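Take a look at the structure set out below.
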Amino acid sequence: MRPGSGDLLECTQLQHHAALGRIAFEASIDAVEGVDLAIEAVPENLALKRDVLVGADERMSADGILASNTSSISITEIELR
């Protein structure tokens with residue numbers, strides 16, 4: 001990547017396609033086995049979100065980042081126990 005205008009970075013088309021190639025959209029919780037980054041995107045149902053996040057947390061790498069796209073449920077309400 002090379003510096004562009006302001007604080008933004010520009011990338012080449014090859015870098016763009018390579019980055020997109022590393023993104024996978026999965027419907028199976030087993031797909032997050034050992035990954036370093038996962039973003040949950042299930043409907044706004046507290047029990048469902050909690051189940052998906054707990055399942056992902058159990059399968060991801062120990063230092064992985066687990067994120068949620070929740071919009072109507074407070075992330076602190078989802079708290080993984």
> When you scan region 3-81 for helices (runs of 4 or more DSSP H) that lie fully inside it, which ones turn up with 3 or more residues that are without any contact (Cβ under 8 Å) to a residue 12 or more places away in the chain?
Replying inline: 13-21, 46-59
> Only one residue in Ser5, Ser71 is in contact with an Asp or Glu (Cβ under 8 Å, 6 or more places away or on another chain), loosely packed, with under 10 Cβ neighbours inside 10 Å and at pLDDT below 95, so which one is that?
Replying inline: Ser71
> Across region 8-35, which residue is modelled with the lowest pLDDT among those that are of a type in the set (Gly, Ala, Ser) and surrounded by 10 or more Cβ atoms within 10 Å (Cβ to Cβ)?
Replying inline: Ala19
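The values are calculated or read from the model by the stated rules, or taken from the named source; none is laboratory data. Predicted model only: the values in this text are computed from it and were never measured. Backbone-built Cβ (ideal geometry, glycine too); neighbour counts: all protein chains shown.
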